[in-house]
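This report refers to the structure that appears directly beneath it.
The values are calculated or read from the model by the stated rules, or taken from the named source; none is laboratory data. Predicted, not measured: the structure shown is a model, and the values here were computed from it. Here the Cβ positions follow ideal geometry from the backbone for every residue, glycine too, while neighbour counts run over all protein chains shown.
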Amino acid sequence: MTKYYDFKTEINQKELQEVATFLREGKLVIFPTETVYGVGANALNPKAVDDIFKAKGRANDNPLIVHIADFDTLKDIVETPTEMEQTLIDAFMPGPFTLILPKKDCIPDNVSAGLNTVGIRMPEDKIAHELIKAAHTPIAAPSANLSSRPSGTKVSDIKDEFDGKVSAIIDGGETKIGIESTVVKVIDQVPTILRPGKITPEDIKEVVGVVQIDEHIFKKATGAVESPGMKYKHYAPNAECLLVYSDDEQTQIDLVNKNIKDNTIVIGFKEHQDKIHASEFYVHGSIHNYDEISHNIFTLLREVDRKKPDFIIIEGVKKEGLGIAIMNRLIRSTSYHYIEK
Ligand code: AMP
Ligand code: MG
């Protein structure tokens, strides 16, 4: 049975202790973070970790990120960071940032999917922070969604996928950022973005002077990749989807209009609502506000999918700043059905 906890307006300390106990006992708990909801388990308990893979239907060669609440825990679970890694930690933790580091033996092999590295994140969301602190153990937590589906950014979207499979679901309202953390690994002294997020390449460059972006971010990955998650179908609605982008606004509008078929829903900019001739149009945000789009996109994909359209067309954004992360997710959501002119 799944117990529901409402922490939207405040954290109930007694209930928080109850949920932390579930985690210590090896049970699964869904909790909010500033990026997306996570389905968490005690990262030091391989049986509990295995239950995460089962609940999500996740491939077991796709490693999990370990969430911590303080830097003492970091010392216990990974080798001493290099100077550059430490600079990144100081700059971006806590926050929507995951750093891949060599793991210590206490991290079970199923957390890291057999790799000798593990992804570490320190959420800044208050509920996530207090829960991990109260659990007194690091928490392995991938996004709370069935594998291949859009990540969960509010409880009503993911309830049906996990009801009865987890011991607790904490409702903290809609997550602030709406897309997952930036995943970085320092390779040959260069911070390499394996998955883009709210922390942008410019943010990283400003702190350490160099940055590179893994070539698979906008491409289909085959064979060996640095971040195993790149290989999988991801963030996808059930309907057929198309992503459309042009640097020229009018060209983009024309491209969308040209591709509309019967029973098509368009997800696009509020500024284009009257210029795009779809029977149904959903706004993902303003052309000038990518934070709004990242906040809305996953829940919107789910909402539109529930209408069972034959076709979904999504307006893309410029691959700059947070736009890189938005386009990385949308290209995968649409299974690489992408037109750029
Ligand atoms: P999620 O489980 O949805 O939060 O996604 C976690 C992402 O981080 C996936 O794309 C994983 O492949 C990636 N990841 C986690 N651990 C590692 C690691 N040790 N090395 C490379 N990528 C990792
Ligand atoms: Mg995920």
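Remarks
- Those strands (runs of 3 or more DSSP E) lying entirely in the range 102-193 with at least 1 residues touching a Leu at 6+ places or on another chain (Cβ under 6 Å), within 16 Å of ligand 2 (Cβ to nearest atom) and basic (Lys, Arg): none
- Checklist (1) of a type in the set (A, V, I, L, M, F, W, C); (2) assigned to a helix (DSSP H, G or I); (3) modelled with pLDDT of 95 or more applied to Met230, failing item: (3)
- Checking the range 130-145 against the condition returns a match, with at least one residue being surrounded by fewer than 22 Cβ atoms within 10 Å (Cβ to Cβ) and of a type in the set (Gly, Ala, Ser).
- Test for Asp50: is it in contact with a Cys (Cβ under 9 Å, 6 or more places away or on another chain) and assigned to a helix (DSSP H, G or I): no
- Check on Ile127, in contact with a Gly (Cβ under 8 Å, 6 or more places away or on another chain), at pLDDT 95 or above and over 15 Å from Glu180 (Cβ atoms): yes
- Filter pass, Ala278 being under 24 Å from Lys56 (Cα atoms) and not β-branched (Val, Ile, Thr): no
- Scanning the range 176-204 for residues being away from ligand 1 (no atom under 15 Å from the Cβ), closer than 28 Å to Thr153 by Cβ and not hydroxyl-bearing (Ser, Thr, Tyr) gives a total of 5.
- Listed by first and then second residue, the pairs linking a residue in the range 224-237 that is within 23 Å of Val186 (Cα to Cα) to a residue that is polar (S, T, N, Q) and near ligand 1 (Cβ under 9 Å from one of its atoms), with Cβ atoms under 6 Å apart and 6 or more places separating them unless they lie on different chains, are Pro228/Asn62; Gly229/Asn62.
- Condition met for Ile204 (touching a residue at least 24 places away in the same chain (Cβ under 8 Å), outside any loop (DSSP other than H, G, I, E, B) and within 16 Å of ligand 2 (Cβ to nearest atom)): no
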